[in-house]
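Every number in this text was worked out from the coordinates using simple rules, so none of it is lab data. The shown structure was predicted, so the numbers you read here are calculated from the model rather than taken from an experiment. Note that each Cβ is placed from the backbone with ideal geometry, even for glycine, and that neighbours are counted across all protein chains shown.
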Amino acid sequence: MTGGLRRILGVGFGLAVIVGATLGVGILRAPGLVAGQLPNTAAILIVWVAGGVYTLLAAVCLAELGTMLPEAGGYYVYARHAFGDMTGFAVGWTDWLTYCAVIGYMSIGIGEFAALLVPALAGHVTAVAILSLLAVVALQYGGVRVSSRFQEATTAAKFAAFLAVVIAALVYARRPVAAAAAQPPSLGGLIVALQAVVITYGGWQSALYFTEEDRDPARNLPRSMIGGVAAVIVVYVLVNLAILSALSIPDFARSTLPAADAARALVGSAGGRIVTVLSLVSLPPALNAVLMIGTRILFAMGRDRLFWSRTAHIGRTGTPDVATLVTTAVALLLIASGTFQKLIAMTAFFLAANYCICCLALFALRRTEPARLRPFRAWGYPWTAAVVLVGAFAFLVGALVGDRPSAGAAILLIAAGLFGRLIAQRRTGASAAPSASPL
């Protein structure tokens, strides 16, 4: 059948999908890069809190769009509603490709971490990755209730594991957290550190993609967005405190895997294994969340006739089954061929561009639809929204300047998608007219 999705999700799933998609391997690696740019403990902690506060402002701003337009698809929905089909397709197409690439990246990550724990699997990383993805896909076909409960249970386990390891490290530490040095950080170092921190918070927007399946999005989405980001901020600050309690700042700044180095400093050779287990535990809920998100984007585009309309089909268990099949097939192709790595290089540009467009959509819709019902309004608008927009634009510029070849390839991929859509539209002889609202 086609049509609406089942409204069976609540605030628990919203929290789980945000924490599950955000909290992971990034926080075990990124602190070393951040510490390498900053001279003292205070600066390190302040940057992690500042990045969290910026993310919280972004969550508050986009929660307005999510409660105003509670439809499956996230960024795609807001871009299309504010700027039309062409922009909406470009955002949806690139957002979906991004999640397909991330599915490949996370699946391979499961295979690699499993091989570290079980050396016999070292020659079978790709096979383990494919089997892991297919296992998560099987959950999707079990129904939304099954996949959402898996998300909630595994995220709770991951969150508890992170907290347990961090608290144990703080309790077991043999040295106090290093005192702050007097010298201030350089402006360049501060910018690089902030970029790394905000990227590590990526995943905070995940609940936006499921508002159509939420029993009460006007009430639950803001709680999920704010609560999920707040929970991640707490864990991120505690992880940095734990590392600082185990490593000196010079050692911290030189480390490419600071969490593993800190664990080894505290408990010896077993420390690296603990962090590997923690990394492996973090991936299944993230993979489940990303697969569900990618599927919802494709479902929404299919329903609006901007993609193959069959992807709007919903199976008897409430899962967009064709969209799941197509997303899985593309992800498996990317895994088998290794081309997900090339797409991953482009995701920074896609994420920054789509984020920027959605921030602009908030301003545009405030102007063009001032009377539309907004169950939740962005705190401190327009000033907070302006801060978020400036940050989004800065990340877009950073993505363009930081990796020009990947940005250029990303632009070509956008153009190819738009061209393909135009060709398909001409062949069918039908315009991509907006479909009826699902609400």
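Worth a mention:
- Gain on full stretching of the segment that runs from R215 to M86 - 0.36 nm per residue minus C-alpha separation: 43.4 nm
- Using the Cβ-Cβ distance between A115 and Y172 with R0 set to 30 Å, the FRET efficiency works out to roughly 0.60.
- Of the residues A138, G88, M106, the one whose Cα sits farthest towards the positive end of the charge dipole of segment 1-152 is A138 (charges of +1 on Lys and Arg Cβ, -1 on Asp and Glu Cβ, taken about the Cα centre).
- Derived value for segment 184-225: Kirkwood hydrodynamic radius 12.5 Å. Basis is the mean of 1/r over every pair of different alpha-carbon atoms.
- Burial order of peptide ranges 224-231, 49-56 (average beta-carbon count within 10 Å, highest first): 224-231, 49-56
- Cα centre as origin, Lys/Arg/Asp/Glu Cβ charges: the chain dipole, Debye: 420
- Sorting the segments 404-410, 104-110, 36-42 by their residues' average number of neighbouring beta-carbon atoms within 10 angstrom, most packed first, yields 104-110, 36-42, 404-410.
- A protection proxy built from the mean count of other Cβ atoms within 10 Å ranks the segments 304-316, 189-201, 348-360, most packed first, as 348-360, 189-201, 304-316.
- Distance between the 7 Å Cα→Cβ label points at A415 and A329: 2.8 nm.
- Rounded tilt (10° steps) of 258-267 against the dominant C-alpha axis of the chain: 40
- The simple Förster model, with R0 at 60 Å and r as the Cβ-Cβ distance, assigns S309 and S186 a FRET efficiency of 0.65.
- Angle in degrees between helix 321-337 and the longest Cα principal axis of the chain, rounded to the nearest 10: 50
- Separation in nanometres of the label points that stand 7 Å from Cα toward Cβ, at A127 and A50: 5.0
- Efficiency of FRET between A164 and S248 - r from beta-carbon atoms, R0 25 angstrom, step 0.05: 0.50
- In this simple spin-label approximation, E369 and Q341 carry label points 7 Å from Cα along the Cα→Cβ vector, and these lie 4.3 nm apart.
- Which label in [x] 186; [y] 134; [z] 122 gives the computed volume of the Cα convex hull per residue in Å³: [y]
- Relative contact order of the chain: 34 percent, from C-alpha pairs under 8 Å at least 6 residues apart in sequence.
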